[in-house]
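Heads up, the thing below is written out as C-alpha coordinates.
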Amino acid sequence: MRERLLAAADELFYNEGVHTVGIDRVIENAGVSKASLYAIFGSKDELIRAYLERRHEARRRRIEEALARYDTPRDRLLAVFDVLDGRLSRSESRGCAFINASAESSIGSATEQATKEYRAWVVELFTDQARAAGAADPEALAAQLILLYDGAAVGTRMDGPSTAPAAARQAAELLVDAATKRPRRARAK
(Lines give C-alpha, C1' and ligand atoms only; values in the text may rest on other atoms or scores of the structure.)
Protein backbone atom coordinates (compact mmCIF):
# COMPACT_ATOMS: atom_id res chain seq x y z
CA MET A 1 0.00 0.00 0.00
CA ARG A 2 2.86 2.38 0.83
CA GLU A 3 4.35 1.95 -2.64
CA ARG A 4 1.00 2.43 -4.35
CA LEU A 5 0.39 5.62 -2.37
CA LEU A 6 3.86 6.95 -3.18
CA ALA A 7 3.48 6.10 -6.87
CA ALA A 8 0.12 7.90 -7.01
CA ALA A 9 1.49 10.85 -5.04
CA ASP A 10 4.54 11.03 -7.31
CA GLU A 11 2.45 11.20 -10.46
CA LEU A 12 -0.18 13.61 -9.14
CA PHE A 13 2.01 15.89 -7.03
CA TYR A 14 4.64 16.25 -9.73
CA ASN A 15 2.18 16.90 -12.54
CA GLU A 16 -0.34 19.07 -10.70
CA GLY A 17 1.24 20.36 -7.49
CA VAL A 18 1.45 19.19 -3.90
CA HIS A 19 -1.34 21.40 -2.61
CA THR A 20 -3.54 21.39 -5.69
CA VAL A 21 -4.06 17.64 -5.46
CA GLY A 22 -6.42 16.57 -2.70
CA ILE A 23 -5.87 13.50 -0.61
CA ASP A 24 -9.00 11.89 -2.08
CA ARG A 25 -7.42 11.87 -5.54
CA VAL A 26 -4.26 10.25 -4.20
CA ILE A 27 -6.13 7.46 -2.44
CA GLU A 28 -8.39 6.94 -5.47
CA ASN A 29 -5.38 6.62 -7.81
CA ALA A 30 -3.60 4.35 -5.33
CA GLY A 31 -6.69 2.19 -4.80
CA VAL A 32 -6.44 2.32 -1.00
CA SER A 33 -8.63 3.64 1.79
CA LYS A 34 -8.20 6.98 3.50
CA ALA A 35 -7.60 5.10 6.74
CA SER A 36 -4.67 3.28 5.10
CA LEU A 37 -3.09 6.55 4.01
CA TYR A 38 -3.36 7.99 7.51
CA ALA A 39 -2.14 4.76 9.12
CA ILE A 40 0.95 4.74 6.89
CA PHE A 41 1.80 8.47 6.69
CA GLY A 42 -0.26 10.17 9.39
CA SER A 43 -1.05 13.23 7.27
CA LYS A 44 -0.92 14.64 3.77
CA ASP A 45 2.08 16.73 4.81
CA GLU A 46 3.98 13.57 5.71
CA LEU A 47 2.96 11.96 2.40
CA ILE A 48 4.39 15.00 0.62
CA ARG A 49 7.59 14.67 2.65
CA ALA A 50 7.86 10.97 1.72
CA TYR A 51 7.25 11.82 -1.95
CA LEU A 52 10.03 14.42 -1.89
CA GLU A 53 12.42 12.17 0.04
CA ARG A 54 11.86 9.43 -2.53
CA ARG A 55 12.60 11.87 -5.37
CA HIS A 56 15.67 13.14 -3.52
CA GLU A 57 17.02 9.61 -3.10
CA ALA A 58 16.40 8.80 -6.78
CA ARG A 59 18.14 12.00 -7.91
CA ARG A 60 21.06 11.43 -5.56
CA ARG A 61 21.47 7.89 -6.89
CA ARG A 62 21.34 9.01 -10.56
CA ILE A 63 23.91 11.73 -9.96
CA GLU A 64 26.25 9.46 -8.00
CA GLU A 65 26.07 6.87 -10.78
CA ALA A 66 26.90 9.57 -13.34
CA LEU A 67 29.81 10.90 -11.27
CA ALA A 68 31.27 7.41 -10.99
CA ARG A 69 31.56 7.18 -14.79
CA TYR A 70 34.09 10.04 -15.00
CA ASP A 71 37.72 10.24 -14.01
CA THR A 72 38.31 13.97 -13.69
CA PRO A 73 36.72 16.32 -11.18
CA ARG A 74 35.85 18.72 -14.03
CA ASP A 75 33.95 16.02 -15.90
CA ARG A 76 32.17 14.94 -12.70
CA LEU A 77 31.03 18.51 -12.09
CA LEU A 78 29.64 18.79 -15.61
CA ALA A 79 28.04 15.33 -15.36
CA VAL A 80 25.52 16.82 -12.92
CA PHE A 81 24.23 18.91 -15.81
CA ASP A 82 24.10 15.87 -18.09
CA VAL A 83 21.83 14.15 -15.57
CA LEU A 84 19.70 17.27 -15.39
CA ASP A 85 19.41 17.39 -19.18
CA GLY A 86 18.40 13.74 -19.26
CA ARG A 87 15.56 14.39 -16.82
CA LEU A 88 14.34 17.72 -18.12
CA SER A 89 14.43 16.91 -21.83
CA ARG A 90 11.58 14.43 -21.47
CA SER A 91 8.26 15.55 -22.89
CA GLU A 92 6.49 14.94 -19.57
CA SER A 93 8.95 17.06 -17.58
CA ARG A 94 7.41 19.69 -15.32
CA GLY A 95 10.69 21.12 -14.03
CA CYS A 96 12.13 20.42 -10.60
CA ALA A 97 9.82 18.74 -8.09
CA PHE A 98 11.65 20.50 -5.25
CA ILE A 99 11.36 23.99 -6.72
CA ASN A 100 7.70 23.35 -7.49
CA ALA A 101 6.93 22.02 -4.01
CA SER A 102 8.96 24.73 -2.31
CA ALA A 103 6.89 27.40 -4.05
CA GLU A 104 3.78 25.88 -2.48
CA SER A 105 5.16 25.13 1.00
CA SER A 106 4.28 26.86 4.23
CA ILE A 107 6.96 27.99 6.64
CA GLY A 108 7.80 25.16 9.02
CA SER A 109 5.90 22.52 7.07
CA ALA A 110 7.20 19.04 6.33
CA THR A 111 7.35 20.12 2.68
CA GLU A 112 9.62 23.04 3.52
CA GLN A 113 11.84 20.78 5.63
CA ALA A 114 12.17 18.22 2.83
CA THR A 115 12.98 20.87 0.23
CA LYS A 116 15.58 22.45 2.56
CA GLU A 117 17.24 19.06 3.08
CA TYR A 118 17.38 18.56 -0.66
CA ARG A 119 18.77 22.07 -1.16
CA ALA A 120 21.50 21.51 1.42
CA TRP A 121 22.51 18.36 -0.46
CA VAL A 122 22.65 20.27 -3.79
CA VAL A 123 24.84 22.99 -2.25
CA GLU A 124 27.15 20.36 -0.74
CA LEU A 125 27.29 18.41 -4.02
CA PHE A 126 28.33 21.43 -6.09
CA THR A 127 30.70 22.78 -3.44
CA ASP A 128 32.45 19.44 -2.99
CA GLN A 129 32.78 18.93 -6.74
CA ALA A 130 34.01 22.51 -7.26
CA ARG A 131 36.62 21.99 -4.53
CA ALA A 132 37.73 18.69 -6.09
CA ALA A 133 38.01 20.43 -9.49
CA GLY A 134 40.42 22.92 -7.96
CA ALA A 135 38.25 26.04 -8.02
CA ALA A 136 39.94 28.97 -6.34
CA ASP A 137 36.64 29.78 -4.59
CA PRO A 138 34.54 26.57 -4.50
CA GLU A 139 31.61 28.21 -2.72
CA ALA A 140 31.34 30.97 -5.33
CA LEU A 141 31.56 28.51 -8.21
CA ALA A 142 28.96 26.28 -6.54
CA ALA A 143 26.59 29.24 -6.13
CA GLN A 144 26.98 30.14 -9.82
CA LEU A 145 26.43 26.54 -10.94
CA ILE A 146 23.35 26.21 -8.74
CA LEU A 147 21.86 29.27 -10.45
CA LEU A 148 22.34 27.55 -13.80
CA TYR A 149 20.96 24.26 -12.45
CA ASP A 150 17.87 25.97 -11.05
CA GLY A 151 17.45 28.15 -14.11
CA ALA A 152 17.34 25.12 -16.41
CA ALA A 153 14.62 23.56 -14.25
CA VAL A 154 12.57 26.75 -14.10
CA GLY A 155 12.99 27.28 -17.84
CA THR A 156 11.68 23.78 -18.46
CA ARG A 157 8.75 24.37 -16.12
CA MET A 158 7.86 27.63 -17.86
CA ASP A 159 8.57 26.64 -21.47
CA GLY A 160 8.29 22.86 -21.50
CA PRO A 161 11.19 20.73 -22.70
CA SER A 162 13.65 23.13 -24.27
CA THR A 163 17.31 23.82 -24.79
CA ALA A 164 17.63 25.31 -21.30
CA PRO A 165 19.42 22.27 -19.79
CA ALA A 166 21.93 22.10 -22.66
CA ALA A 167 22.51 25.86 -22.46
CA ALA A 168 23.02 25.57 -18.70
CA ARG A 169 25.63 22.87 -19.25
CA GLN A 170 27.48 25.00 -21.82
CA ALA A 171 27.51 27.96 -19.43
CA ALA A 172 28.61 25.66 -16.57
CA GLU A 173 31.54 24.48 -18.67
CA LEU A 174 32.69 28.08 -19.19
CA LEU A 175 32.34 28.86 -15.48
CA VAL A 176 34.18 25.71 -14.40
CA ASP A 177 37.02 26.35 -16.82
CA ALA A 178 37.34 29.99 -15.73
CA ALA A 179 37.21 29.12 -12.01
CA THR A 180 39.77 26.32 -12.20
CA LYS A 181 42.49 27.97 -14.30
CA ARG A 182 45.77 28.22 -12.52
CA PRO A 183 47.76 31.43 -12.91
CA ARG A 184 50.79 31.04 -15.15
CA ARG A 185 54.17 31.06 -13.44
CA ALA A 186 56.61 33.69 -14.50
CA ARG A 187 59.54 32.29 -16.43
CA ALA A 188 62.95 32.55 -14.84
CA LYS A 189 65.39 34.77 -16.75
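The values are calculated or read from the model by the stated rules, or taken from the named source; none is laboratory data. No experiment lies behind these values; they were computed from the predicted model shown. Cβ sites come from the backbone with ideal geometry, for glycine too, and all protein chains shown count toward neighbours.
When we screen ALA143, ALA171 for residues that are surrounded by fewer than 19 Cβ atoms within 10 Å (Cβ to Cβ), within 15 Å of the chain's Cα centre (by Cα) and modelled with pLDDT of 95 or more, the only hit is ALA143. Just name the residue that is nearest to LEU84 (Cα to Cα) out of those in region 117-151 that are of a type in the set (Gly, Ala, Ser) and in contact (Cβ under 8 Å) with a residue 60 or more places away in the chain. Going through the qualifying residues, I end up with ALA133. Of the listed requirements (1) of a type outside the set (Ser, Thr, Tyr); (2) touching a helix residue (DSSP H, G or I) at 6+ places or on another chain (Cβ under 7 Å); (3) within 26 Å of SER89 (Cβ to Cβ); (4) modelled with pLDDT of 95 or more, ALA135 misses just one: (3). Taken over region 87-134, residues that are under 17 Å from GLU16 (Cα atoms), part of a helix (DSSP H, G or I) and among the polar types (S, T, N, Q) amount to 3. Considering only residues in region 1-37 that are farther than 19 Å from ALA110 by Cβ and in a loop (DSSP other than H, G, I, E, B), the one that is nearest to the chain's Cα centre (by Cα) turns out to be MET1. Among the conditions (1) out of contact with any Ser or Thr (no Cβ under 9 Å at 6 or more places or on another chain); (2) of a type in the set (Val, Ile, Thr); (3) buried (at least 19 other Cβ atoms within 10 Å of the Cβ), the only one that ILE27 does not satisfy is (1).
Scanning region 119-132 for residues that are more than 12 Å from ALA172 (Cβ to Cβ) and either at pLDDT below 95 or aliphatic (A, V, I, L, M) (or both) yields a count of 5.
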